[in-house]
1. Subtract the Cα-Cα distance of Ser251 and Asp44 from 0.36 nm times their separation in residues, and report this length gain in nm to one decimal.
2. Given a 1.4 Å probe, how much area per residue of the stretch 1-101 is accessible, in Å²?
3. Apply the a/c threshold of 1.5 to the C-alpha gyration tensor of the stretch 89-211 and tell me whether it is rounded, prolate or oblate.
4. So for Arg118, Arg211, what's the accessible-area order with a 1.4 Å probe, most first?
5. Using only Cα atoms, tell me the angle between helix 351-367 and the longest principal axis of the chain; keep it within 0 to 90° and round to the nearest 10.
6. Rounded to the nearest 500, what is the 222 nm mean residue ellipticity of the chain from helices alone, with -39500 (n - 2.57) per DSSP H run of 4+ residues and division by all residues?
7. Once the Cα atoms of helix 104-123 and of the chain are each reduced to a long axis, what angle between those two axes, in degrees from 0 to 90 to the nearest 10, is obtained?
8. Only Cα pairs under 8 Å and at least 6 apart count here; give the relative contact order of the chain as a rounded whole percent.
Amino acid sequence: MRNELLEEFAGFTELDSVSFGERRMADLLKEKLKALGFETEEDDAGSHYDGNAGNVYGFLKGSLSGEPVLFSAHMDTVEPGIRKKAVFHEDGVITSDGTTVLGADDAAGLVEILGGIRRVLASGKPHRDIEVLFPIAEEVYTKGSRVFDFSRIRAKEAYVLDLSGPVGTAAVQAPSLLSFVLTIHGKAAHAGFEPEKGIHAVTAAALAIARLPQGHVEEDTTLNIGIIRGGTATNIVPESCTVEGEIRSYSHEKALSYMEAVRRIFLEEAEKKGASLESEVSVHLVAYHTGEEEASVKHFRRAAHKLGLPGKLTETFGGSDCNTFAEHGIRGIVLSCGMYQAHSTREYTTVEDLEKGASLVEALILEG
């Protein structure tokens, strides 16, 4: 099965599947799931965002009673992701040609899920019901899973294969993530002839930013101003200034509290100058923590032990579709699937990781 796994990985990575352009990937996954005996459906998620594909869902009836198990990996990649090609090296490392990302994020997760399911079916061993969900647009704040109809999901135990690092590690905690766009509206005036008649929006924004802590504002919370735009010419007092940033925290309430503090500080500095504030806040992810008593954690540890893997539990400060699952009462964890230096043209995986990942999926299916 090793050659099939590697050929499938190469085929997946060669598909163009950037966010909202997952059509070919969705079609291929549905074909592969049907060949494995899954009932498959594709929803209308793409229509919400002018994309060309929806989330792919599959269900395979098992011969054992008990709770189903859900596996998930996303279909999209980041840019540069057009005309990708997997390059296999003699030492077992797999890279791109250096001009694009490899797409192991998340093709590694996709092939490990399919590979693990194939191994279970080939073994003839009885298994519980299996569900799979392959969302679109995970890389742009989990937009695909956000619009999925979770009444279709029967499982309460989930494994999302979407974490960097060697197979055998799982993240049980992830943060809330809020982004904000704050625009201070001042008043334009000629900077040479009558600057005193203007209201300097950039100055108001700068004074607000200077009052903000940034970076790790607490051990479990970060705040960052990432973009500042203002002014139209050097001889005009800037009429507006827009500031964009984000807040992440393992406490959703704390993230909301910091967001309110940021907005209050910007409003105060705007009003001091006689300016006004326009604010837009988006909640992209809600924090979760999956406890050690949950089935997903217990089964992961047992499966890892059987395979001689570390079975290490950790946390991540990035988000995934597991955040969305948690909002719908599905207690999942995010599994490392052997991707490294993701979101860069230096991204790579290894043959060993792909094989271990498939073996872990197989063991998790049989754990129940």
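1. 71.3 nm
2. 48 Å²
3. Prolate, because a/c is 1.5 or more and a/b exceeds b/c.
4. Solvent-accessible surface, decreasing: Arg211, Arg118.
5. The helix 351-367 is inclined about 70 degrees to the chain.
6. -10500 deg cm²/dmol
7. Helix 104-123 and the main axis of the chain meet at about 20 degrees.
8. 24 percent
The values are calculated or read from the model by the stated rules, or taken from the named source; none is laboratory data. Just so you know, these numbers come straight off a predicted model, no measurement behind them. Neighbour counts run over all protein chains shown; Cβ positions are idealised from the backbone, glycine included. Side chains included, ligands, DNA and RNA excluded: accessible areas come from the protein's heavy atoms. Shrake-Rupley method; radii C 1.70, N 1.55, O 1.52, S 1.80 Å.
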